[in-house]
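Accompanying notes for the structure given below.
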There are 2 protein chains.
Amino acid sequence: VLAGNPRAVAQLITRLERDAPDAFLSLKSIFHATGTAYVLGITGAPGVGKSTLVDGLVRQARAAGLSIGVLAVDPSSPFTGGAILGDRIRMQGHAHDAGVFIRSMGARGQLGGLARATRKAIHVLDAAGYAIVVVETVGVGQSELDIASAADSTIVVVTPGMGDTIQTLKAGILEIADIFVLNKADQEGARQTLRSLQSMLHMGPAGDWDVPIVETRAHDAVGLDALWETIVRHRAYLEESGALADRRAARLKAEVLNLVERGLRTDILEALLVSPEYAAVVRSVVARARDPEDGAHEILQGVDARPERILLESQGAGNA
Amino acid sequence: VLAGNPRAVAQLITRLERDAPDAFLSLKSIFHATGTAYVLGITGAPGVGKSTLVDGLVRQARAAGLSIGVLAVDPSSPFTGGAILGDRIRMQGHAHDAGVFIRSMGARGQLGGLARATRKAIHVLDAAGYAIVVVETVGVGQSELDIASAADSTIVVVTPGMGDTIQTLKAGILEIADIFVLNKADQEGARQTLRSLQSMLHMGPAGDWDVPIVETRAHDAVGLDALWETIVRHRAYLEESGALADRRAARLKAEVLNLVERGLRTDILEALLVSPEYAAVVRSVVARARDPEDGAHEILQGVDARPERILLESQGAGNA
């Protein structure tokens, strides 16, 4: 993976997706090499033209001499590993270019699992040396926003006539979008969608970065230069303001928190659930001898959090 | 509350919704009196006529000499406590009937909070002696299904022409629906919707209870007798098969589990998050000296689950 071998990269991502027992150790051994890739998140409803836009961004990155890895995330798809026809076709266009890596990721199990696997896959592509990593998610639900927003620059794609969708989701989208793309900008209703986007952005909190709206026609390769330049400009803004380091630190912190929460929900909870004491408390609730909150409180007495037990010895060992 | 005073009932529900510090103690002191109410869950997309159906059920219950409490749950509404115009109008129809209690519950904060508050409100109405408790939820998303399915009988309401919605949600709906209502059954497309529902039910797992489809025209009070009889028949089936006791035990068990999980996410996690050890681990991850999973694993070392610490002495004390 560290040598950038695409086969090794694909294999490790597959093992991480499947939660293979030793995959954790592999990721641990390459993590020190992460932190250089620039991560782009792209989200939007089905049919807005994300795939074509991403294809255009791949060409822009290659023209700029940058290697690029793409993770096409579809929470509604059970497929993974590039098995989807559309992705195969996309991949063929770059099949002989070692500087391009494209992979589909579907929800094999739970959505939480997909978000976790995607975060790990970003680390793998980062460690493998891809200069740009694109995370493309289908849909505009909360989970897709969560995945797409785990990026350095988050791009939200809309098309003319999507006024209602924008209204419904404006709170969530306003918070995460660094750049809006109005794709199919020659279609009817484009002016109106543009205006409603603009007025929505005016209502949002004013910041140092004015969220731009880039008009594209990705199918005709129109506007892709402008989009690429806007991404470069956003990156420069983040680097110069120090926001990039803050964003990345916050992202890693959130990743640790997510894994700790998961550990509490699995390992720690499991230790309680299998105990006869837990069963006895539940029995007494079912018998209406105590109420659920009282029972839960009792069960939580079995858990003791003592941060002083956290070992700090391995701190800094990192590259082990 | 135990004397069935509607004002006391409303006040306790409000205190539980607001997570008032002593509300927990009030619920604890009345929980022993729960377990007699029959809980109906009713869900369906906006506009299918749930309110009118529920109004019809209220009349059916009253005609049968049964008191009835209605919790109208709307996750999209910030309003609570019967402040919604529509609910006020509904309530007026039964304003002078002490055997009817109607209350709106909106999402003041998080959805999880609403589900939790609704479960507690059911206990309050149960302890207050209402023979029937109806939980009506707007919408057909996962959270609405979760709330509606915490019932003895779950009723899913559809209208003609909702084929697509049914298709999208069929997995979730098939699992929870005990009774389907095809409301506005005189509208165009009713035959087709009925057939698609029937074929969907045929594809589902065969059980002892054949999920019936009741056709209604709630606005004209047509089909409400049949719906009421179907509910009575489902209740008899659950009681005779022993499934009712199992269902209620499973529901209380899930409620305890949910509260334990919440406690782990709040109190236990909090104890870790504020510690200097946690901050040190996160710093080492941000410095890429260790990977997030390794960091999370380290932090979880600070948590010790020892079920033997669970005190069982208060078991059976209940009515305290």
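Descriptive notes on the structure:
- Test for A:ALA221: is it touching a residue at least 24 places away in the same chain (Cβ under 8 Å) and not hydroxyl-bearing (Ser, Thr, Tyr): yes
- Selection count where residues are among the small types (Gly, Ala, Ser) and over 19 Å from the mean Cα position of the chain (by Cα), scope the range A:43-66: 6
- If you go through the range A:87-129 and keep only what is open to solvent by 40 Å² or more (accessible area, probe 1.4 Å), more than 13 Å from the chain's Cα centre (by Cα) and at pLDDT below 90, you end up with A:ARG88, A:ILE89, A:MET91, A:GLN92, A:GLY93, A:ALA95, A:HIS96, A:ASP97, A:ALA98, A:ARG108, A:GLY109, A:GLN110.
- Inter-residue pairs, beta-carbon under 6 Å, first closer than 15 Å to B:ILE13 by Cβ and touching a residue at least 24 places away in the same chain (Cβ under 8 Å) and in the range B:23-35, second of a type outside the set (D, E, K, R) and open to solvent by 50 Å² or more (accessible area, probe 1.4 Å), 6+ apart: B:ILE30/B:LEU2
- Selection status of B:THR230, modelled with pLDDT of 95 or more, over 18 Å from B:GLY47 (Cα atoms) and of a type in the set (Ser, Thr, Tyr): yes
- Residues in the range B:60-86 that are modelled with pLDDT of 95 or more and open to solvent by 20 Å² or more (accessible area, probe 1.4 Å): 7 in all.
- Checked against (1) buried (at least 20 other Cβ atoms within 10 Å of the Cβ); (2) closer than 23 Å to A:ASP152 by Cβ, A:THR193 passes all but a single condition, namely (2).
- Qualifying residue in the range A:4-21 (condition: outside any helix (DSSP H, G or I) and either of a type in the set (S, T, N, Q) or open to solvent by less than 10 Å² (accessible area, probe 1.4 Å) (or both)): yes
- Among the residues making up the range A:18-66, those that are of a type outside the set (Gly, Ala, Ser) and over 29 Å from A:ILE231 (Cα atoms) are A:ARG18, A:ASP19, A:PRO21, A:ASP22, A:PHE24, A:LEU25, A:LYS28.
- Whether a residue is part of a helix (DSSP H, G or I) and within 13 Å of chain A (Cβ to nearest Cβ) was assessed, and B:LEU53 does not pass this test.
- Taken over the range B:23-57, residues that are open to solvent by less than 20 Å² (accessible area, probe 1.4 Å), in contact with an Asp or Glu (Cβ under 8 Å, 6 or more places away or on another chain) and aliphatic (A, V, I, L, M) amount to 6.
The values are calculated or read from the model by the stated rules, or taken from the named source; none is laboratory data. A quick note: this is a predicted structure, and the numbers were derived from the prediction, not measured. Please note: Cβ atoms are built from the backbone with ideal geometry, for glycine as well, and neighbour counts cover all protein chains shown. Protein only, heavy atoms only, side chains kept; ligands, DNA and RNA dropped before computing areas. Shrake-Rupley method; radii C 1.70, N 1.55, O 1.52, S 1.80 Å.
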